[in-house]
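Quick note: the coordinates plus some simple rules give every number you see, no bench work behind them. Keep in mind the model is a prediction, meaning the values are calculated, not measured. Note that each Cβ is placed from the backbone with ideal geometry, even for glycine, and that neighbours are counted across all protein chains shown.
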Amino acid sequence: MESVTTLDDLPLRTNLQGLTPYGAPQLHVPVALNVNENTHPIPEAVARDILAGLAEAIRSVNRYPDREFTALREALAQYLGEALTSDNIWAANGSNEVLQQVLQAFGGPGRTLLGFAPTYSMYSILAAGTDTTWIAGTRDADYELSPATAVSQITRTNPDIIFLCSPNNPTGTPLSLETIAAAYDATDGIVVVDEAYAEFAPAGTPSALTLLPGRERLLVSRTMSKAFAFAGARVGYLAADPAVTDALRLVRLPYHLSTFTQAAANAALAHSAEMLAMVDDIRGQRDRLVVELAGLGYAPHRSWSNFVLFGGVADPQQTFEALLAEGILIRDVGIPNHLRVTAGTEKETSLFLDALARLGRPIN
Ligand SMILES: Cc1ncc(COP(=O)(O)O)c(C=O)c1O
């Protein structure tokens, strides 16, 4: 063939023209601390049980999976507690898909989605994919979001949907229940609290799940990708009023959760305690990152997640490349003079901190 067709030659939807896809580098390096994965493999005994579940599942793979993923919804309701039942639960292939389905059901042409930037980079991409208009709100100093700051922007922009990331990615910033409740009261639209990293908050921190009773437009999304060390399995979920799950049934593809996905997730949830055993350790490494980054002269932000955003980086691209040359992959999230690093195992975290220390002094 003479000429290669490019994107520009295709009749792409107008609102997708000129956009770039999500593209965190996937490099095979010894120390990958760039996409907030749980760097601990799942425990061997749990892995054996999951394999047994998968072996059983393959015997029925000639049939479509349970379209209602009934056992999985029950297991997720039990895991979350808060008197939730399977009627309150929805799940999909990662919380990215859950959020996409929310936008398919409640967003779309002529509708708007408000988020408070800097926030999870997929929100605007999911908005574009569903032809929902993305509104980038702003935050207070140190990326905090007070009730007043949230409410004033909601009142001004009157969005159809609000995504509140709690704790926020890429900054790690916690979000108070007061801000969530105030945001809810300030809108007639859908409010999603994205709790992808909720399990890394200090023990005993109340979740937005506690706000669900009486708030039928509030959705709390979670994932098994982070604390559960299940990123490769692709299981995200949400809790909400049963009417919300009915709305999501209108847009989901039939049989969207494969037989294998359901079997693996059910087996993992039967071992929640073991699956979550590493959370304490990861919290410890996160807190260590904050202390030691400050000790090196950088400016880490407070974090309730499994990663730390730190300022004081003279040239983020240069530091990123220098670390990569040593086999350590972290993330340049596009915030001037900042980089983000995921808390790894003790060894991975040490390798990162030692390499950074060797690079010399940060800017003041
Ligand atoms: C805030 C937030 N929400 C959702 C996700 C999506 O996770 P998954 O699709 O693996 O459930 C991520 C992943 O990094 C995230 O940081």
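Tabulated data for the structure shown
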quantity	calculated
Hydrodynamic radius by Kirkwood, which averages 1/r over all alpha carbon pairs of the range 39-102, in angstrom	14.1 Å
Farthest positive-ward along the range 135-253 dipole, Cα basis, beta-carbon charges - from Thr205, Thr179, Ala229	Ala229
Farthest positive-ward along the chain dipole, Cα basis, beta-carbon charges - from Leu10, Pro109, Gly94	Leu10
Neighbour-count order for Leu356, Leu16, Leu250, fewest beta carbons within 10 angstrom listed first	Leu250, Leu16, Leu356
Positive minus negative residues near Val151 (Lys, Arg vs Asp, Glu; Cβ under 15 Å)	-3
Within the chain: Cβ-based charge dipole about Cα centre, in debye rounded to nearest 20 (Lys, Arg +1; Asp, Glu -1)	140 debye
Percent antiparallel among DSSP beta bridges (both partners in the chain, rounded to 5)	45 percent
The range 44-271 - percent relative contact order, Cα under 8 Å, separation 6 or more	29 percent
Radius of gyration and Dmax over the Cα atoms of the range 200-344, both given in Å	19.0, 53
Separation of alpha-carbon centers, the range 8-86 and the range 237-263, rounded to whole Å	13 Å
Amide H partners (placed H, <5 Å) of Ala299, local residues excluded	Gly311, Gly312
Relative counts (whole %) of C-alpha pair distances in the range 44-271, using bins that are 5 Å wide	1, 7, 15, 19, 20, 16, 11, 6, 3, 2, 0, 0
Phi to ³J(HN,Hα) by Karplus 6.51 cos²θ - 1.76 cosθ + 1.60 over the range 12-24, Hz, x for Gly, Pro	5, 3, 3, 6, 9, 5, x, 7, 10, x, 4, x, 4
Calculated FRET value between Asn337 and Asp9, using beta carbons and R₀ = 35 Å, to 0.05	0.35
